[in-house]
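Below: the structure, in structure tokens.
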């Protein structure tokens, strides 16, 4: 009920904002509506499962005065098709909210045919004065430097495979940022989740030797101490970035060993806009994951330690604008811990107008888990109208 009331209030504010003179208004509103059709199958001549998604997003910002800003972003999705029927407790999975304010996610409709779910993935107040920024509420705290895997992203871990959620989830947190200069920043943040576990850390970022460097330290999920570093720079005009984090259990500190997560990548763009990205990650937490199938990968709790599920993972991506309005890309991942397991992800994105986009994505998973072969193919056709 609380989530439904908040939804109504937000929609009222949004409609009221639209009615105001935008040249004088202290509010802003934008968003999009997307429709995506998904087809899933194991083999081309096999049984096909079809799913449909209508996805609306409203981004609302209220500039209260020169120092205070209120932000709330509402994500609403209507999902109908085979996935709703075939996946047990699908409605609970879709509406699951790991934040302390878990009531910000709610199913408005849930039956055997369809799920209508809403989520406030941003809801915060921001105070900004001189070099100081203080943010309280549901927000995104992104400390990552790498492209696909982010060992430094201890607040907002996300899955690379969830391509349709560009904004990424937020955290219920208090964040303080201070900018001593144009090239440096100091941050401290504390987050609480629905299980009242605390993640708290501080970060310092600066520029040295042509690199953006950062160092962080804190506590992850009330269980681990964490220290880490990240960098972004270049070697002979080739972009070079990466991250490393070390996690050590707080309990029995002297009798236990920690784990390392290290990622690094190279990227380069030619004069014709053809670009390449290559990245790899080592996950020292792999031995504790106990993965035996793709289901374990899809439904395991998402954290900074589980975004990669092989001891070593490798990724290559090539992207090229075939036409000023059409961009094509191909990503391939390789997971040596499971035989010749791999992931292939082609995509084509066409800008049909200033606010209209048509996209086609493909995903192929292939894996061998303890001698058992698994494969999964998915095609996604998406239409997006922005406003």
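The values are calculated or read from the model by the stated rules, or taken from the named source; none is laboratory data. The shown structure was predicted, so the numbers you read here are calculated from the model rather than taken from an experiment. Counting neighbours? That spans all protein chains shown, and the Cβs are built from the backbone with ideal geometry, glycine included.
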Of those in the range 21-45 that are out of contact with any strand residue (DSSP E or B) (no Cβ under 6 Å at 6 or more places or on another chain) and surrounded by 10 or more Cβ atoms within 10 Å (Cβ to Cβ), the residue modelled with the lowest pLDDT is 22
Just wondering, is there one or more residues in the range 55-74 that are crowded, with 17+ Cβ neighbours inside 10 Å, under 18 Å from the mean Cα position of the chain (by Cα), at pLDDT 95 or above and under 30 Å from residue 41 (Cβ atoms)? yes
When (1) part of a strand (DSSP E or B); (2) closer than 30 Å to residue 96 by Cβ are applied to residue 165, the one that fails is (1)
Looking at the structure I just gave you, is residue 168 in contact with a helix residue (DSSP H, G or I) (Cβ under 7 Å, 6 or more places away or on another chain) and surrounded by fewer than 19 Cβ atoms within 10 Å (Cβ to Cβ)? no
Among strands (runs of 3 or more DSSP E) entirely inside the range 314-387, those with 1 or more residues being touching a residue at least 60 places away in the same chain (Cβ under 8 Å), in contact with a helix residue (DSSP H, G or I) (Cβ under 8 Å, 6 or more places away or on another chain) and buried (at least 18 other Cβ atoms within 10 Å of the Cβ) are 356-369
Go through the residues of the range 271-290 one by one and say whether even a single one is more than 26 Å from residue 367 (Cβ to Cβ), at pLDDT 85 or above, in contact with a strand residue (DSSP E or B) (Cβ under 7 Å, 6 or more places away or on another chain) and crowded, with 16+ Cβ neighbours inside 10 Å. yes
Within the range 91-115, residues surrounded by fewer than 19 Cβ atoms within 10 Å (Cβ to Cβ), free of Cβ contacts under 8 Å to residues at least 60 places away in the same chain and over 20 Å from the mean Cα position of the chain (by Cα) come out as 107, 109, 110, 111, 112, 113, 114
